[in-house]
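Q: So that we are looking at the same thing, I have put the structure below in structure tokens.
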Amino acid sequence: MVKNRPPAGQAVPGIIFAAPVGVPAGLEVISLAALRARSRAQGTDLGAPQRPAFHQVLTLASGTLRQSVDFTVHDVERDAWLWTRPGQVLQWGDLTRAEGTLIAFDRDFPGPATVRAARLDDPHARVLRTPKGGAATSLRVAGAHLAHEFQAPGRLPRDAHSAVLRHLLDVLILRLAHLEGSDTPATGTRETFLRFRASVERDFAHTRRVDDYALTLGYSARTLSRAALESAGIGAKEFIDRRVVLEAKRLLAHTDLAAARIADRLGFSSATNFAKYFHQRAGQAPIAFRTAVRGRVG
């Protein structure tokens, strides 16, 4: 994993994927001990906001780790799995308190069928998963097998080794994506909610009105609100507002764009209107949020 130079207006470098020499492109399996050593050698502050352009799956063998993903703090414990997806803003906690494994991979490394079945492109997928019983054992074995094969290049021809790693990663992420109860909206309103959710993801920077989404999708505003409430636990307007605030937080944490520029990107008529909207929903002014989030995770 390496850092890009930040584009104009971006304060925090994005991170692109670079596999180690001698292993297939698109995948790395690294212990937290090795990650700590690499960070020290490179002078990297993992506690600063970063926005990786690849998937990262973290599991702990011991200790605890507090990770912030899109400004929500998750306490990761032994046998829990934290899955960060491309575009999410990540801040690492204190790595000295935990040992475990980080699996980083490009979207195109798994097989196409796995990409679809594991819903790799779902921006709303659950971040933290805590399997129990047999599911925890299966995931632990799958992760250990992948790590073992990754550390053993040369035992197979390069193409065969790449195929083995791809299949082992497929097993792991398919098991992880389909843990019982993962990411399944409730009741018969599921399809309505999924259509609404996709429309919000596409158009949240253009409209924050439930009526506009209802018109586009051919539902009533009441139907969308009921679908969102049953599937996500919040109304349709709250769902839209949360997505707008999340993007605002990402831009504030990850760029040096002025409030006026962020307001324009998100479809606000002025920086003042954006600041009022953000303060009402985030509980602090945009600049205060930017200052706070660039501190370290506890």
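The values are calculated or read from the model by the stated rules, or taken from the named source; none is laboratory data. Bear in mind the structure is a predicted one, so any value in this text is a computation, not a measurement. Please note: Cβ atoms are built from the backbone with ideal geometry, for glycine as well, and neighbour counts cover all protein chains shown.
Q: Out of ALA271, ALA259, ALA288, report the one residue that is among the hydrophobic types (A, V, I, L, M, F, W, C), in contact with a Pro (Cβ under 8 Å, 6 or more places away or on another chain) and without any contact (Cβ under 8 Å) to a residue 40 or more places away in the chain.
A: Unique residue meeting the criteria: ALA259.
Q: If you scan the range 141-162, which residues turn out to be more than 27 Å from PRO131 (Cα to Cα) and either aliphatic (A, V, I, L, M) or outside the structural domain of VAL57 (by TED's automatic domain parsing) (or both)?
A: Selection gives ALA152, LEU156, ALA160.
Q: Do you know which of the residues in the range 87-129 that are in a helix (DSSP H, G or I) and aliphatic (A, V, I, L, M) is nearest to the chain's Cα centre (by Cα)?
A: Here the residue is VAL115.
Q: List the residue pairs whose Cβ atoms are under 8 Å apart, where the first residue sits in the range 141-168 and is modelled with pLDDT of 95 or more, the second is loosely packed, with under 14 Cβ neighbours inside 10 Å and of a type in the set (Ser, Thr, Tyr), and the two are 6 or more positions apart or on different chains.
A: none
Q: A follow-up question, please. I need the strands (runs of 3 or more DSSP E) fully contained in the range 1-77, keeping only those with at least 2 residues that are closer than 29 Å to ALA160 by Cα and modelled with pLDDT of 70 or more.
A: Correct list: 27-31, 55-63.
Q: Tell me, which residue of the range 175-191 that is buried (at least 16 other Cβ atoms within 10 Å of the Cβ) and out of contact with any strand residue (DSSP E or B) (no Cβ under 7 Å at 6 or more places or on another chain) is modelled with the lowest pLDDT?
A: For the range 175-191, the residue satisfying everything is PRO185.
Q: Could you grab the pairs with beta carbons closer than 6 Å, sequence gap of 6+ or different chains, first residue in the range 118-134 and over 23 Å from LEU65 (Cβ atoms), second one modelled with pLDDT of 90 or more and among the β-branched types (Val, Ile, Thr)?
A: Going by the 6 Å Cβ cut-off, the qualifying pairs are ALA118/ILE173.
Q: Does the range 95-110 hold any residues that are surrounded by 15 or more Cβ atoms within 10 Å (Cβ to Cβ) and either more than 22 Å from ASP75 (Cα to Cα) or among the charged types (D, E, K, R) (or both), and which are they?
A: Those that are surrounded by 15 or more Cβ atoms within 10 Å (Cβ to Cβ) and either more than 22 Å from ASP75 (Cα to Cα) or among the charged types (D, E, K, R) (or both): GLU99, PHE105, ASP106, ARG107, PHE109, PRO110.
Q: If ARG281 satisfies every condition in (1) at pLDDT 95 or above; (2) crowded, with 16+ Cβ neighbours inside 10 Å but one, which is the exception?
A: Among (1) at pLDDT 95 or above; (2) crowded, with 16+ Cβ neighbours inside 10 Å, the lone unmet condition for ARG281 is (2).
Q: Would you say GLU238 is modelled with pLDDT under 95 and either among the hydroxyl-bearing types (Ser, Thr, Tyr) or not in a loop (DSSP other than H, G, I, E, B) (or both)?
A: So GLU238 fails the test.
Q: Would you pick out the residues in the range 44-79 that are in contact with an Asp or Glu (Cβ under 8 Å, 6 or more places away or on another chain) and hydroxyl-bearing (Ser, Thr, Tyr)?
A: THR59, SER62, THR64
Q: Given (1) among the basic types (Lys, Arg); (2) closer than 24 Å to PRO286 by Cβ; (3) assigned to a helix (DSSP H, G or I), where does ARG208 come up short, assuming only one miss?
A: (3)
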